[in-house]
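Computed from the coordinates by the stated procedures, all read-outs in this text should not be read as laboratory data. Since the model is a prediction, treat every value here as computed from it, not as a measurement. All Cβ positions, even for glycine, are placed from backbone atoms using ideal geometry, and neighbour counts span all protein chains on display.
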């Protein structure tokens, strides 16, 4: 019995050592944004639009499209929340800003707008650090997607230094 235990222990140790390098590839590292970063982006986007006289909502989603932050100007319609979220999700889906996606893939825009949670309109921008997609910000409520995009850009610009220093 003692020999069998020693043998089994030795086999277990050998197998553990051999399989360890194979299992390392099963775990990956991912860059994720903090709630504070997401909140700062949304707040700066809503503030920029308010200063321009527009009542908007800003939604920040993470890299998988899950909502992290929703901010709505008190005078913005509740529908702006859904539109902003769907613009941000279009960015996560495509990997490019929603306005760019709209121009580049006009051939499938109608079909993409039928996908639950996606809206291919200008006003959604990617949030990136060190080349990694962290998520997206979508803005809705200004009179035109270009103005929504400007406010989203102001939100990103407000944390640009933090995003740049996030590169390791």
TODO: Kindly indicate which of 121, 160 is within 22 Å of residue 34 (Cα to Cα) and more than 12 Å from the chain's Cα centre (by Cα).
DONE: 160
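Which residues, counting only those in the range 24-44, are touching a residue at least 24 places away in the same chain (Cβ under 8 Å) and over 15 Å from the mean Cα position of the chain (by Cα)?
Narrowing the range 24-44 to residues touching a residue at least 24 places away in the same chain (Cβ under 8 Å): 30-33, 35, 37-44.
Result: 43, 44.
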Task: Matching residues, the range 109-133, being surrounded by fewer than 22 Cβ atoms within 10 Å (Cβ to Cβ) and within 19 Å of residue 41 (Cα to Cα) - done: 126, 128, 129, 130, 131, 132, 133
Open item on the list: Given (1) surrounded by fewer than 22 Cβ atoms within 10 Å (Cβ to Cβ); (2) free of Cβ contacts under 8 Å to residues at least 60 places away in the same chain; (3) touching a strand residue (DSSP E or B) at 6+ places or on another chain (Cβ under 7 Å), identify the lone condition not met by residue 78.
Closed with: (3)
Task: residue 96 within 16 Å of residue 155 (Cα to Cα) and in contact with a strand residue (DSSP E or B) (Cβ under 8 Å, 6 or more places away or on another chain) - done: no
Open item on the list: Restricting to the range 84-108, and then to whatever is surrounded by fewer than 16 Cβ atoms within 10 Å (Cβ to Cβ) and without any contact (Cβ under 8 Å) to a residue 12 or more places away in the chain, can you tell me which residue is farthest from residue 56 (Cα to Cα)?
Closed with: 107
